[in-house]
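Down below is the structure, laid out as structure tokens.
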Amino acid sequence: MEQFADRAAPVSAPPAVTSVLGRMRELQSSWPPVDGVAVFNRVYLTVTENIDRQITEGAFPDRPAAAALDVKFAERYLAAVDAASAGQRPPDCWRPLFQYRHHPGVRPLQFAMAGINAHIGHDLALAVVDTCRTLRCAPPDLQDEFDQVGDLLAMLEEQIREDLMPGPDLLEVADPLTHLLGSWSLDRAREAAWSAARVLWRLRDLPVLAEEFRQRMDAGAGLVGRCLLTPCR
């Protein structure tokens, strides 16, 4: 289990976004397309490619900060993949996706949304803190980058829902999937992640309390993930 105190010291500068893109492309080629983790990985690869393109084109005022946040964010997901692959326990927020990845009753959109929930509901706040330690800044210094990344995620979420939602011939208004996915909000998750990052930053000199807060956040995201993966067919 990760200890929040392990990240108390500043870390070295993060690698380029291309390094995490390379890892995600390798993973995508190694998993069958119907694998639930592969469904999320494909979505996240698209998100990261878009963010990398925006950074290169100068859409972010502070390119190093945006790249650092993007890399630290992706590294959290890749660490969960590595833990599961090694037979170790990933964070609670990721466990439902790894446990249900081959379940025939879970639809692709559910896999994608469960991964997004885990990544934003737990990893994003920690990635903000990681980035602050790397750049020796505070969360308010990253708010513009945080908001722009969030805006990209929101636009891509709509595309994900359109691409992965079953067609009208398979999905009725009363379909449980409609109600299930309607109960989760990316905007609310982003707001909660930003608040959590600020709390964790204030607790950085109180590692026991910070780790307790992280564990509660992790468990909460895991519970939501299990709900999102309720078999719907």
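Ordering SER195, SER29 from largest to smallest accessible area (1.4 angstrom probe), what's the sequence?
Descending order: SER29, SER195.
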For VAL208 and GLU158, FRET efficiency with R0 = 35 Å and r from the beta-carbon atoms, rounded to 0.05? 0.30
Quick check: net charge around ARG190, other residues with Cβ under 10 Å of its Cβ, Lys/Arg +1 and Asp/Glu -1? -3
Bin by bin, in steps of 10 Å, what percent of the Cα pairs in the stretch 174-233 do you find, going until the bin that has the longest distance? 20, 40, 25, 12, 3
Shape metrics for the stretch 47-176, restricted to C-alpha atoms - Rg then Dmax, Å: 16.7, 53
Length-normalised contact order of the chain in % [C-alpha pairs under 8 Å, at least 6 apart]: 32 percent
Under 15 Å from a label point 7 Å along Cα→Cβ of ASP141: give me every residue in the stretch 48-76 with its amide N that close. 62-69
Share of pairwise Cα separations in the stretch 15-107, more than 17 Å, in percent: 52 percent
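Counting alpha carbon pairs within less than 8 Å and at least 6 residues apart, what relative contact order, in whole percent, applies to the stretch 90-224?
Relative contact order here is 49 percent.
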Expressed in nm to one decimal, what extension gain is obtained for the pair SER29 and ASP151 from 0.36 nm per residue of sequence separation less their Cα-Cα distance? 41.1 nm
Rough spin-label spacing in nm, given labels placed 7 Å along Cα→Cβ, for SER185 and ASP62: 2.8 nm
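Could you work out what % of the accessible surface of the chain is carbon and sulfur, using a 1.4 angstrom probe and leaving DNA, RNA and ligands out of the count?
55 percent
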Return the ratio Rg/(2.2 N^0.38 Å) for the chain, where Rg is computed over Cα atoms only. 0.98
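The values are calculated or read from the model by the stated rules, or taken from the named source; none is laboratory data. On a predicted model such as this, the values are computed, not experimentally measured, just so you know. Note that we place each Cβ from the backbone using ideal geometry, even for glycine, and neighbour counts take in every protein chain shown. Note: accessible area is taken over every heavy atom of the protein model, side chains too, but ligands, DNA and RNA are not part of it. Shrake-Rupley method; radii C 1.70, N 1.55, O 1.52, S 1.80 Å.
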